[in-house]
Every structure is written in structure tokens, then in C-alpha cells.
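Everything on this sheet refers to the single structure shown next.
The values are calculated or read from the model by the stated rules, or taken from the named source; none is laboratory data. Predicted model only: the values in this text are computed from it and were never measured. We place every Cβ from the backbone using ideal geometry, glycine too, and count neighbours over all the protein chains shown.
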Amino acid sequence: MSFRPALLLRLGLPAALVAGSLIVLTGSSGSAAQPRPFHPPFTAHPSAKGEFEPNTVMVKFKPKATTAARRSAVAKVGGSTEDSVVSDFVKVTGKLSAPELLKKVEADPNVELASLNYKRYVSAVPNDTYYNSDQKTYLNTTRVPAAWDLSKSTGNQIVAVLDTGVDAGHPDLVGHLVPGYNATSSTRPNPVDDNGHGTMTLGIIAAGANNGIGVAGVGWNVKAMPVKVMGANGSGYDADIAEGINWAVAHGAKVINMSLGGPGDNSVLHNAVTNAVNKGVVVVVAAGNDGTDVVQYPAAYPDVIAVAATNPGGVKTDFSSYGDWVDVAAPGWNILTTGARSLTPPEFAPYWYCTGTSCSAPIVAGIAALVRNKWPTLTPAQVAQRLEVLARDAGPRGIDPYYGHGIVDAYAALGGRFAPDFPVNPEDNLDQPSRSFPVAVPVAGSKTTSSTISVEGDVDWYQVTSATNRNLKVSVTGPLFSCAFAENFGPRIDVYNSSLLSLGHAVNPYPSTPIDPATGCPQATNLTATVNVSANDTTYIAVRNDNGSRDTRKYTLTVSEEGAGSTPTGTAYPVADVKPNDLSANAVLTTTPIVMFARDVVAASVNPTTVRLLNGRTGSSVGATVAFDAGTRLATLKPTVPLLDNTPYRIVVSGVQGDGGTIAPFTSVFSTVDQTPSAAGSFDATGAYLAANLAWKIPPTGDLDQVIVRRNPISKPPTAATGTLVYAGTGSAVKNTGLLQGVTYTYAAWVKDRGGKTSPIATTQLFGMKTGISTTSTLINYGGSITLRGSTLRIDNKAYAGLPTNLYVRPKNSTKFTLLAALKTSSTGTVSYTYKPAVSSVYMMTFPGNADLMGTRTPDVTVQVAPTISATLAPTAVKLGKTTAISGYIAPAHAGQPLYLQQYGNKVWKSIASVKPISSGKYAFGIRPAVRGQIAYRIWFPGDADHAQAFSANKIVTIS
């Protein structure tokens, strides 16, 4: 069990020994000075079982239940309710005890869900300060300052804080609140904070940032909704909490923070949480402050994000509850935040230090609001997944019961680059009975040794061999408990015989350990177990930290022959050995994990469903066959897929039969060696016009950072520091655009892992190409033909036969090319094509590129098409004053477009008349010359978007 001043209070110790920290006002500046102890009233709450309201249950009726049926159900159990029976849930009070009342209510066919009305407590209390921490230290642990560079707003993502209310007039919160609600009282609607806890948790999220006073909330610029669900003593019932959830959802909350919890599942409360999540609300809950694996609710509901607490540097605190229901972790030790002014002595500023998972959860809630604002369409599950997958691993590698997926990373969650995982201490090779340290205990004497719990969940094994029957006293003395430390040793001893059947068990005896009245902290952590052992048998002793945290200070184990022994207690240990070692790193990728059971088990029960290998980072199953040798009790897991490097794996044993029933579950974690990544596979480029399409295969790796691709405009490959960066990411293909025609490009790729190791180089090259196009004529008459010729050569003039060369055409008045012909180059790299264009057109040729050659495109070449105009003059000679006619056809017909009659004189042609041809293209002009002599005439088409200008043949008339 953990020790913390805030936790001592809930066990009924004098309030004077417990401190939440306040900052002294100095003059009128409001700056921080030396904190001193102060504590608003809190009430103890037990950690082993849930408290519930006596004679009361919560009921949710089936949707189809009529109002009469609902009232009848309440009356049948002798109950009454002040709620409307058509509400989401009804609180029913009767004369029976709550458990008896629950049984009767659950039996009614009209009831969908029913539960005891459990009492919940805040997950942290204000703590006195032994270290003077600032915000920057713990906010950097979650990379919040870096995240602010990406986003400083939660937009319309209102964060509801279900707690003890708020000091709405606090100068650091004014302007950051929306109307709230008091679920604990129907006569006092305002959520006034009469405890202090709610103002603290809300301030962590929503205190005004960059306003020159106080502290900066994680959300920088947040709208927070205070919902009071707990009273002045820091506790509240599920009925009020569920009501608060429903109210917050109905009034626009997008994120809910609940820094509260306790044991005892409540289906009605869970239903309220599920409804909130189904309506798109992200629910964040404190994991709890029991420092044990006792399941806490609502943190354990799968719909929520359960948050454990670390110190400012990212190490699990001794008070943080743990279990497989923990999702992520965040700092929860000496978090500076807003305090209720009414509960702050006048000589102190209203800012308190907050310690507990209550203070961790709001950090995550603020980050969740930032994420939701950046991607408002994300579902709650997607927000949770983003926070989990992008968290930084801490403690045992992979998902673990102490940090969940790791410490939340605000910067990565908002799209920034990852940061390295938090380091883990190496294992000590004492992880299983097969590697236990021998302790030689002499007859009637004692032997002492020492070690540390250096990794969360670490277990140290020792063995004692006895020649005769005797009694052994096993004692563990830990380092002095320090309230100034976030991690302390709370010893647990388990003693087994050679078959690993339990002989004795003892857990830290707190609170019977003497308390130092000056500090309010335990004076020591001493623990003793006495056992009877048999002659010629080996006694195994397991020492661990019961609160799951690590403590690098040494403990002392003393084993002596004395005492009267005791009746065996505890649970048999299931395995004698596991390989690779628990908590070990650097397992080779060809590892074949094994589990050696401590005693005979049912062979048929050892199979891939009861002995499994999981990916420790994702929790997904890893394919493996399981072979079992009953003689050696050895189960061998042979992976059917290659193990990834630098990846955590978890061996899980659950459901194996033995010992007269199912043996205790077992789990062990190991990580594979961090290898230099292999080169990118099948790295290749395909040329295109002014672009290249690159693709590669990412080699199997457990910690991919990115694939880096660079290029050189020459035949020499670039290095990792030269050339032009083309790509850096986790994809397997990229299109490189903006290239030049006629240039050879050489590409190089490297695979880089998160540890900074870089693979060997992979290269590919595309040769530059050159093309040309020509035409036999750039101006032809309608109906005529042209021959288009082209060439496609490498820039060093090498020719390739059979290269696809596409000839494209577009009308002169259009911007869209269409394929005219798909050609193949000759052995000299040339192509030709004869074509009869109907309109003036633009032509170009392309080579699309291939796996070795860049694509090309020729310049455009334009061929004008002029119409043909026939002209007949009759008669060709006339008397002055008489008329003649000139007529003919224009092809193609330009019906409705003007043709001009031109007359030659004074060395120039001058238009003297116009006419529009009919649909056949026929036209006619009448001519009456005004002078005698010879006059030349012609027909002129001025040209349009489709055709060039054209002239008929000259016609001469003689006038006499």
C-alpha cells in the first residue's frame, strides 16, 4: 500500500498532518513564495470495497415499460422515489437494505438495469509541498508546451468537469466558464465549490493561459463546464454522478473529466457513461489513488480513458492504482493549479499544489480537447486511440498495468514528431524461481542480503535450502517512507516450497506502522512472514513492491531460523521458469519463448488459447504454435511469423488446468534486440514526364521512424546529407514532381528506426531522355496531308527500339489534347505518322517513361489548314455599265461566315463586298465595273479559330 499525506487523511489521521499546498502572497504582486500546509476538509474512503447509499438503489426501466408498469415495480418492492419514473434512471428508496432491495428490483421484468448507489471519492486531495515544482517541468513530460505551438485553442470543445464544483470568480478562471449544474442539490443550482477539489481539477484544464497571472491551463483557451456531483466532504453518490453526466451531455459537453472513483461496478453509471460516449463525448477518468490493483470505477469501464499518475519526470507514483484497465499516464505530483478562494487563508494566494490521479486526468482531458478541436470529426474511440498509440512508452515495455500504453504525448497527438520512449532500468536476473538468489541460512542463525525494485512490477526471487525440518522467519526492511518522494517501497512477501505451493504471505502492515508525528509519514516499511519448511526441501521467497512502483533505494531481506511457523496462506505460483527473462531486453529475433510450469498440469489444456504470445505494444496476438512436454512440464511457443526488432512481447498463461483446478494466471514481458533496419526492399522508380513514381517495401521492424528518400540530378547517388530530400515518412510510395526534362536522376533510400539507427542505402536510377517533333508542312490546304516525324533518345543519344511514343493532337482553338496515334520507336529511336487534318491543329509527342527512363514531351508544332475556295467568273468580258458574276464554293463549308470580294487597284487588294455562303458552301457576287479596262478580282476568307485565311485564284474581267 502507498503512503502519502493526502492518502493518510482518508484513513482518519489528524487533518493537521495533511497538506494541500498554497502559495503565499508577497505584497501586491501575487508571486509565489514558500508554500505552507493547508487542507480543506476531506473524508476517508476505504480501498477494499465500495460504499453505497443504504436502502437505495438506482433503476433504469426498459424503454417499452409503461408509466403504470414502472410505478407498479417501485410499489412492489415497498419503495418510493422522488424522480419521475420516465426519467433516464430512477433512485428508489425503501425499508429493505440496499442489497436486498436490489435483488427484488432486478427480478422485475420491466427493469433493464439496476445497481447499488455507490459512493465515489475524489481521486486526489491537495497535498502539502516538500518539493517546490513548477508547471514547466511536468508539462514538458507530456510535451504540452510543444503542442501549444501547434494549437492554442479547444474551440467549441466544451470540457465538463464533474467534481465538487468551482470557484467561478477565481481571476484565473473568469471568462473560461460556461453555465454549470449542481446535481447534489435541487435547491442550490449553482455548482459552488465548498471543498476545493473541483477548482483544482478544472484549473488544470482551463486556467487562463498567457494572461499574466496564476497558472496556464493545458487547454490554453478553454470553455469549461463545472458540474457539481460531490459535496464538501469530497464524496458523492453514483446517482448524482450519472445525473451530472447526462446533464453535461445534454448541454453541449464534448469532453468530460471525472477525477473521482472507487470500487464497485454500477451498471446504471456505466450506462450513463456509454450513452455519453455514443453521443460523441470523450470521457476521461482518474485511475484512483489506492496504490493497489483493486479495480476502480468508473475508470475500469472500457468506454473511458483511465489515467494513472507519475512524478514530474514520468515515473509511476506509489499511490497510483494499477491494472489492465489503465489506459495512459500523466504527471500527478505537485501539479500547480487554481484553489478555491473561500478555502484559502488571506495570507495565501488561491493557487494550490495538487497530487493524485485526480491531477493526472485533467491534463489528459485538456489534451483530448485540443485533439478534438483539431479533428472535430474524430469519435471518442479515435481520440482515445490517438492518445494511446502515440503515447511514450514507460515502465515495462509495451502495454502494462502501471502506465497503460504509456505517458500521453500532447505534441505527437496533435501531429508533431515523436519523442523517445522513457528509459527503463535493466532487469536483475532474479525474475523467476529458476533464477533465484541462494541465501545460506545457518542452523539457529540468520542471513541478510539486499536488492532494489528497479522496474515497475519487478519481483526478486530468493531460495533457502534446509537439511532438516525448521521454522524460518523472513523479514524485509525497506527504506524509510518519505513523503517527499513520489515512489516508495511497500513490501510484499510470498514464501513457497519447492513445488511453489504457498507457505506464507505478508503485505505491508500499514497503517499499523508507526507514524512520525512531525511529518505524518510512516517511520519504516518492515514486513515479516514466518513459515514451516521441510527437510531437504528448497524454500522460495518472492519480494515485490505491492504498490507496483519502482524504488531505486535498497531494501534488506533477512532470513533466520526462528519463530513458530504459521499456517500456509497465499496462492500457489504457477511457473518455475520462463524464457526470455521477465522484463528483459535484447532477445534475439529467432527467440522461441518457453514456459516451465511449477507442477504437473493437464496436457490437453496447454494450447494456443491458454498459452499465448502477444505484441506488447498493440496487444494483438502473434501467431505461434504451442508444443508441450508433460515430462519436463515445458511449453514451447514457436512463432509462425518473424519477431520484430525492438518490440515488446508478452507471454500470457490463462486457463491451464492443474492443482485440482485452473492454475493462477501468469504473464511475462520481454523485448527484442534493437537491430539496424534492413534496407528498403524492392526500391524502384518509374519515370514520368517531369516526375518519377517511387515505391519500396518497408522491411519488418518494430520501431520504424521513417523512410528517407533523396535524389541527385547526376549518376552519383546522394548521401544521407547531400542531394535533395524527396520524402520522409512511413509510407511505401511517393510521386516526385517538379523534375527537369533531359536530366538523369539517381535516388537513394534509407530506413531509419526510432533509436536513430539507419539501414544500408538502396538506390535506383532514371536516365534522362530527349525528344523532337517535325512536320512536312506547317500550312496545307483543306484535304491535304502532312507527315509528322519524331525521335526519342537518351541524353547520350542512345536509341531504344520499341519505346511507346504517343502522338497527341488538339484543335488550335482547344486546350485539350487527345491521343492521335500510339507509336513504337524504330531501332534508331524515330517514329513517323501521316495524317490528313481537317482543321488547324497543334501536335506533340510524349514518351511516358518506364522503369529505367524518364518521360519526355516534345515542343508543340502547329499546322495551319486553309480552306479551298473555287471561283468562276462569267462572262469574263462586259460592256461598261453591264454586269458579270463571280461564284463558287468554299470547302469546308463555312455557312454564315462572311467571304469577301476583293478588287485590285493601286497595287493593293481592297474588299468591296461580302456575302455569307449557304450550307453547301456556295457563294455568288454580282460585279458592275465602273471603268473601262482590265480589273482583277478574288475571294478572301479571313480565317477563324479552325482554319487559316484563304484566297481563291485571281479572276480578271475586261470592260469595253
Out of the range 710-745, which residues are touching a Ser or Thr at 6+ places or on another chain (Cβ under 6 Å) and part of a strand (DSSP E or B)?
R711, N712
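Report yes if some residue within the range 541-552 is of a type in the set (S, T, N, Q) and at pLDDT below 90; otherwise report no.
First, the residues of the range 541-552 that are of a type in the set (S, T, N, Q): 545, 547, 549, 552.
Within this subset, residues satisfying the condition of being at pLDDT below 90 are 552.
Taking every residue of the range 541-552 in turn, at least one turns out to be of a type in the set (S, T, N, Q) and at pLDDT below 90.
Can you work out which of the residues in the range 806-849 that are farther than 30 Å from H894 by Cα and out of contact with any strand residue (DSSP E or B) (no Cβ under 6 Å at 6 or more places or on another chain) is surrounded by the most Cβ atoms within 10 Å (Cβ to Cβ)?
Within the range 806-849, the first condition is being farther than 30 Å from H894 by Cα, and the residues that meet it are 806, 822-832, 845-849.
Now drop any that are not out of contact with any strand residue (DSSP E or B) (no Cβ under 6 Å at 6 or more places or on another chain), which leaves 824, 826-827.
Numbers: K824: 10, S826: 15, S827: 9.
The selected residue is S826.
Let me confirm something: among A893, A885, which residue is closer than 18 Å to R932 by Cα and surrounded by fewer than 18 Cβ atoms within 10 Å (Cβ to Cβ)?
Values: A893 fails: closer than 18 Å to R932 by Cα.
None of the other options fit; the residue is A885.
Working only within the range 231-278, note down all residues that are among the hydrophobic types (A, V, I, L, M, F, W, C), in contact with a Lys or Arg (Cβ under 7 Å, 6 or more places away or on another chain) and closer than 15 Å to G165 by Cα.
Hits for the range 231-278 are I241, L260.
Table: residues versus (1) crowded, with 16+ Cβ neighbours inside 10 Å; (2) within 30 Å of V389 (Cα to Cα).
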{"site": "V709", "(1), (2)": "yes, yes"}
{"site": "K716", "(1), (2)": "no, no"}
{"site": "Y727", "(1), (2)": "yes, yes"}
{"site": "V734", "(1), (2)": "yes, yes"}
{"site": "T737", "(1), (2)": "no, no"}
{"site": "G768", "(1), (2)": "yes, no"}
{"site": "I786", "(1), (2)": "yes, no"}
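Out of the range 152-164, which residues are more than 15 Å from K223 (Cα to Cα) and either of a type outside the set (S, T, N, Q) or under 21 Å from the mean Cα position of the chain (by Cα) (or both)?
At the first step, the residues of the range 152-164 found to be more than 15 Å from K223 (Cα to Cα) are 163-164.
D163, the sole residue that qualifies.
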Taking T778 and the conditions (1) over 48 Å from the mean Cα position of the chain (by Cα); (2) without any contact (Cβ under 8 Å) to a residue 60 or more places away in the chain, which numbered condition does it fall short on, given that it satisfies the others?
(2)
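In this structure, does T672 turn out to be farther than 27 Å from N425 by Cα and β-branched (V, I, T)?
Values: farther than 27 Å from N425 by Cα: no; β-branched (V, I, T): yes.
Considered against the rule, which asks whether it is farther than 27 Å from N425 by Cα and β-branched (V, I, T), T672 comes out as no.
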The lone exception for V178 - which of (1) under 23 Å from R372 (Cα atoms); (2) touching a Lys or Arg at 6+ places or on another chain (Cβ under 6 Å); (3) surrounded by 22 or more Cβ atoms within 10 Å (Cβ to Cβ); (4) modelled with pLDDT of 95 or more it fails
(3)
Only residues that are farther than 23 Å from V839 by Cβ, touching a residue at least 12 places away in the same chain (Cβ under 8 Å) and not small (G, A, S): list them for the range 887-911, please.
L901, Q902, Q903, Y904, W909
Flagged pairs (Cβ under 7 angstrom, 6 or more apart or on separate chains; first in the range 529-548, on the phi > 0 side of the Ramachandran plot; second of a type outside the set (G, A, S)) are G548/K316; G548/Y322; G548/Y402; G548/E456
Quick check on the range 462-489: of everything there that is touching an Asp or Glu at 6+ places or on another chain (Cβ under 9 Å) and under 15 Å from A529 (Cα atoms), which residue is surrounded by the most Cβ atoms within 10 Å (Cβ to Cβ)?
L472
Residue list for the range 927-945, filter: over 17 Å from S960 (Cβ atoms) and part of a loop (DSSP other than H, G, I, E, B):
P942, G943, D944, A945
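Among the residues of the range 392-399, is there at least one that is surrounded by 24 or more Cβ atoms within 10 Å (Cβ to Cβ) and not in a loop (DSSP other than H, G, I, E, B)?
First pass over the range 392-399, keeping only residues surrounded by 24 or more Cβ atoms within 10 Å (Cβ to Cβ): 394-397, 399.
Then drop every residue that is not not in a loop (DSSP other than H, G, I, E, B), which leaves none.
No, the conditions are met nowhere in the range 392-399.
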Of (1) of a type outside the set (D, E, K, R); (2) touching a residue at least 12 places away in the same chain (Cβ under 8 Å); (3) within 30 Å of P54 (Cβ to Cβ); (4) in a loop (DSSP other than H, G, I, E, B), L173 fails just (3)
Inside the range 146-169, the number of residues satisfying the requirement of being part of a loop (DSSP other than H, G, I, E, B), under 13 Å from A224 (Cα atoms), at pLDDT 95 or above and not small (G, A, S) is 2
With the requirement that a residue be surrounded by fewer than 21 Cβ atoms within 10 Å (Cβ to Cβ), assigned to a helix (DSSP H, G or I) and of a type in the set (A, V, I, L, M), what does the range 378-391 give you?
A381, V389
Go through P438, P514 for me and flag whichever is surrounded by fewer than 16 Cβ atoms within 10 Å (Cβ to Cβ), touching a strand residue (DSSP E or B) at 6+ places or on another chain (Cβ under 8 Å) and modelled with pLDDT of 95 or more.
P438
In the range 384-391, is there at least one residue being touching a helix residue (DSSP H, G or I) at 6+ places or on another chain (Cβ under 8 Å) and charged (D, E, K, R)?
yes
If you check N289, N221, which single one turns out to be polar (S, T, N, Q), touching a residue at least 40 places away in the same chain (Cβ under 8 Å) and in contact with a strand residue (DSSP E or B) (Cβ under 9 Å, 6 or more places away or on another chain)?
N289
Among the residues of the range 946-960, write down those that are surrounded by 18 or more Cβ atoms within 10 Å (Cβ to Cβ), part of a loop (DSSP other than H, G, I, E, B) and in contact with a Lys or Arg (Cβ under 8 Å, 6 or more places away or on another chain).
S952
Matching residues in the range 182-233 - criterion: being more than 20 Å from L370 (Cβ to Cβ), polar (S, T, N, Q) and surrounded by fewer than 24 Cβ atoms within 10 Å (Cβ to Cβ)
N182, T184, S185, S186, T187, N190, N233
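If a residue has to be among the charged types (D, E, K, R) and within 36 Å of the chain's Cα centre (by Cα) to count, how many in the range 590-641 make the cut?
Matching residues across the range 590-641 total 3.
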Checking V218 against (1) part of a loop (DSSP other than H, G, I, E, B); (2) under 20 Å from Y138 (Cβ atoms); (3) at pLDDT 95 or above, the condition it does not meet
(3)
Of the residues that make up the range 347-356, is at least one buried (at least 24 other Cβ atoms within 10 Å of the Cβ) and either under 15 Å from V283 (Cα atoms) or of a type in the set (A, V, I, L, M) (or both)?
no
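So for the range 902-917 (the condition being part of a strand (DSSP E or B), of a type in the set (V, I, T), out of contact with any helix residue (DSSP H, G or I) (no Cβ under 9 Å at 6 or more places or on another chain) and surrounded by fewer than 13 Cβ atoms within 10 Å (Cβ to Cβ)), does at least one residue qualify?
Quick first cut of the range 902-917, residues part of a strand (DSSP E or B) only: 902-905, 908-915.
From what is left, the residues that are of a type in the set (V, I, T) are 908, 912, 915.
If we keep only those that are out of contact with any helix residue (DSSP H, G or I) (no Cβ under 9 Å at 6 or more places or on another chain) too, we end up with 908, 912, 915.
Now restrict to residues that are surrounded by fewer than 13 Cβ atoms within 10 Å (Cβ to Cβ): 908.
So far as the range 902-917 goes, yes, one or more of its residues are part of a strand (DSSP E or B), of a type in the set (V, I, T), out of contact with any helix residue (DSSP H, G or I) (no Cβ under 9 Å at 6 or more places or on another chain) and surrounded by fewer than 13 Cβ atoms within 10 Å (Cβ to Cβ).
Is at least one residue of the range 904-915 over 26 Å from S791 (Cβ atoms), assigned by TED's automatic domain parsing to the domain that holds G943 and touching a Lys or Arg at 6+ places or on another chain (Cβ under 6 Å)? First the steps, then the outcome.
Taking the range 904-915 first, the residues over 26 Å from S791 (Cβ atoms) are 904-915.
Remaining after also requiring assigned by TED's automatic domain parsing to the domain that holds G943: 904-915.
Okay, now just the ones that are also touching a Lys or Arg at 6+ places or on another chain (Cβ under 6 Å), so none.
The answer is no, given that none of the residues of the range 904-915 is over 26 Å from S791 (Cβ atoms), assigned by TED's automatic domain parsing to the domain that holds G943 and touching a Lys or Arg at 6+ places or on another chain (Cβ under 6 Å).
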For the range 145-182, name all the residues that are out of contact with any Leu (no Cβ under 8 Å at 6 or more places or on another chain) and within 23 Å of D238 (Cα to Cα).
I158, V159, A160, T164, G165, P179, G180, Y181, N182
